[in-house]
Amino acid sequence: MADEARWTTRRYGGYDTRLPLGPDTELTQVAPGTPGGEYLRRFWHPVAMTAQLGDKPRAIRILGEDLVIFRDGGGAIGLLHKHCAHRRASLEYGRIEAHGIRCCYHGWHFDVDGTILETPGEPADSDIRRRICQPAFPVRELKGLVFAYMGPPEDMPAFPYLDSLDLPGHDLVPYSIHSPCNWLQETENAIDPFHSVFLHGRVNGPQFPGLEHFVELPVVVYHKRPAAIVYSHARRTGDLVALRFHDYLLPNLAQNGGMFQKLSGPRSFGRTSLTKWVVPLDDTNSRKFGWRHFNDADEVLRQGKRDAVGWESVDFYGQTAHRSQEERQSNPGDWEAWTGQGPINIHKREYLGTTDEGVAALRSRLRQDIRAVAAGRPIVRPEGTPDAPVPTYGGDTIVRVPQANDDRALLEKLQREVAEIYFAADALTGEARSERIKRDLHDRFPGMERPA
Ligand code: FES
Ligand SMILES: [Fe+2]
């Protein structure tokens, strides 16, 4: 919380206020060897879209490291340090081979795992290629994204395979958007349901079709989970109570509810429209990678536009830099909010209020886990497989419950009850999980759809 002494108590007190200059380095630094960077290296992160892997290598920057990514002639993807182990020529100018990549400068040839296959200028009996490797990271390709693990191999977690990746009727379209600011800023936006009331409603007018009821202040509940902070928010319209669940999986993965929803009647265990990671490129740049979920059940207004989803583009309001300054000032969106905080937001200059409970909880959990990694203690990470995926909850349930005298307390209670119904089915997967949740919601709330 803010330190009162830093703030002026006088009107026109600009001169009085000498706020600290330094960022919260523990949470915002991402380079190798920094506490935050070491923590972030304990997770799989998306680093590229497969659509970008063509006949030339691509230079990318992830977690403060300069890298090159390519798909070789055999289809294998390599993620190597950008600078060649020989004399540091950039492998972005290298030649992709049937197997691996060849440096343009003296022809050293590297496999995707960093093995040196050939040092053609060296004598035939040279053993350089057996003595060292080009630094490389393991990758995994999934639904149009490439993920990498950049941490110590002995501590590699299972991939965070989510149940939401194989939902019936969901078509996942990958996308990626750059933000010129520290990764924490965009990611904190995903755990702040109150900004929607103002940024997407009261201050600028409604920005998302179907979510006009977001102008009401929600009743919010944070549900702590081992490797996630799940939160829900509830709003009432007459007898209908819309309960929207969000997933925040540590450290940087979020899922929200349906994008183009409609508050017209009961809805049972709706699912997410968006799965997204905010990946640090370096301390002052980040890149979101994720999937838009196109499906009829959770986007009843059918305003999604597949063609608008891809590199530097997504089909909903205010997510990219690609608008004029006039447009951005007239009707700022999420992108303006998180980049406008500066290259690295300085937490000690903030003055947090009651709407910031989620942001504060996230920072404190990150700090705790960063310190655990620094001390060599284990942390809980989201880990799953297609057969036993990580259960997630992002999505909408709408129940019919009459207003109570203390409606705020009722809305809180309803969220806890629905969360308990969701969490009680964690051991189940796929349709069995969905049916159990829908059955329990049907038994608890009148008028809910009856599961098959
Ligand atoms: S710098 Fe790459 S082979 Fe010489
Ligand atoms: Fe937003």
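A few points about this structure:
Condition check ((1) more than 9 Å from ligand 1 (Cβ to nearest atom); (2) within 29 Å of the chain's Cα centre (by Cα)) across all residues:
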{"position": "G75", "(1), (2)": "yes, yes"}
{"position": "E92", "(1), (2)": "yes, yes"}
{"position": "G107", "(1), (2)": "no, no"}
{"position": "T119", "(1), (2)": "no, no"}
{"position": "P123", "(1), (2)": "yes, no"}
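- One residue from E420, E357 being acidic (D, E), open to solvent by 40 Å² or more (accessible area, probe 1.4 Å), free of Cβ contacts under 8 Å to residues at least 40 places away in the same chain and not in a loop (DSSP other than H, G, I, E, B): E420
- Count of residues meeting criterion [touching an Asp or Glu at 6+ places or on another chain (Cβ under 7 Å) and part of a helix (DSSP H, G or I)] in segment 295-337: 2
- L80 being part of a strand (DSSP E or B), open to solvent by 10 Å² or more (accessible area, probe 1.4 Å) and either away from ligand 2 (no atom under 16 Å from the Cβ) or at pLDDT below 95 (or both): no
- Here G54 does not qualify as of a type in the set (G, A, S) and open to solvent by less than 30 Å² (accessible area, probe 1.4 Å).
- The residue of segment 178-199 that is nearest to the chain's Cα centre (by Cα), among those that are free of Cβ contacts under 8 Å to residues at least 60 places away in the same chain and open to solvent by less than 40 Å² (accessible area, probe 1.4 Å), is S196.
- Those residues of segment 128-177 which are charged (D, E, K, R) and crowded, with 16+ Cβ neighbours inside 10 Å, in sequence order: R129, D163
- Taking each residue of segment 131-144 that is under 12 Å from W44 (Cα atoms) and looking for partners that are in a loop (DSSP other than H, G, I, E, B) and open to solvent by 50 Å² or more (accessible area, probe 1.4 Å) with beta-carbon atoms closer than 9 Å, six or more apart or interchain, yields P138/D113; P138/M156.
- Scanning segment 78-88 finds one or more residues that are within 30 Å of A228 (Cα to Cα) and not assigned by TED's automatic domain parsing to the domain that holds G358.
- Residue match in segment 236-251 (condition: crowded, with 24+ Cβ neighbours inside 10 Å, assigned by TED's automatic domain parsing to the domain that holds F316 and in a loop (DSSP other than H, G, I, E, B)): yes
- Yes/no for A227 being open to solvent by 10 Å² or more (accessible area, probe 1.4 Å), within 30 Å of Y39 (Cβ to Cβ) and out of contact with any Phe, Trp or Tyr (no Cβ under 9 Å at 6 or more places or on another chain): yes
- Any hit, segment 116-123, residues being open to solvent by 70 Å² or more (accessible area, probe 1.4 Å), within 26 Å of P382 (Cβ to Cβ) and in a loop (DSSP other than H, G, I, E, B): no
- Single residue of segment 94-105 satisfying the filter (assigned to a loop (DSSP other than H, G, I, E, B) and more than 31 Å from the chain's Cα centre (by Cα)) that is nearest to ligand 2 (Cβ to nearest atom): G94
- Residue ID - nearest to ligand 2 (Cβ to nearest atom), chosen from residues in segment 322-354 that are among the charged types (D, E, K, R) and touching a residue at least 24 places away in the same chain (Cβ under 8 Å): D334
Each row is one residue, and each column tells you yes or no for (1) on the phi > 0 side of the Ramachandran plot; (2) within 13 Å of ligand 2 (Cβ to nearest atom); (3) among the β-branched types (V, I, T); (4) part of a helix (DSSP H, G or I).
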residue: C181; (1), (2), (3), (4): no, no, no, no
residue: L184; (1), (2), (3), (4): no, no, no, yes
residue: D192; (1), (2), (3), (4): no, yes, no, no
residue: S196; (1), (2), (3), (4): no, yes, no, yes
residue: L199; (1), (2), (3), (4): no, yes, no, yes
residue: G205; (1), (2), (3), (4): yes, no, no, no
residue: H213; (1), (2), (3), (4): no, no, no, yes
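- Subset of segment 360-401 [without any contact (Cβ under 8 Å) to a residue 24 or more places away in the chain and not in a helix (DSSP H, G or I)]: A375, G376, R377, P378
- Residues in segment 1-58 that are under 25 Å from H178 (Cβ atoms), in a loop (DSSP other than H, G, I, E, B) and of a type in the set (F, W, Y): F43 only.
The values are calculated or read from the model by the stated rules, or taken from the named source; none is laboratory data. Only a predicted model underlies this, so the values are computations on that prediction, with no experimental measurement involved. So basically every Cβ, Gly included, is an ideal-geometry build from the backbone, and we count neighbours across all protein chains shown. For the accessible areas, the whole protein counts, side chains as well, though only heavy atoms, and no ligand, DNA or RNA atoms are used. Shrake-Rupley method; radii C 1.70, N 1.55, O 1.52, S 1.80 Å.
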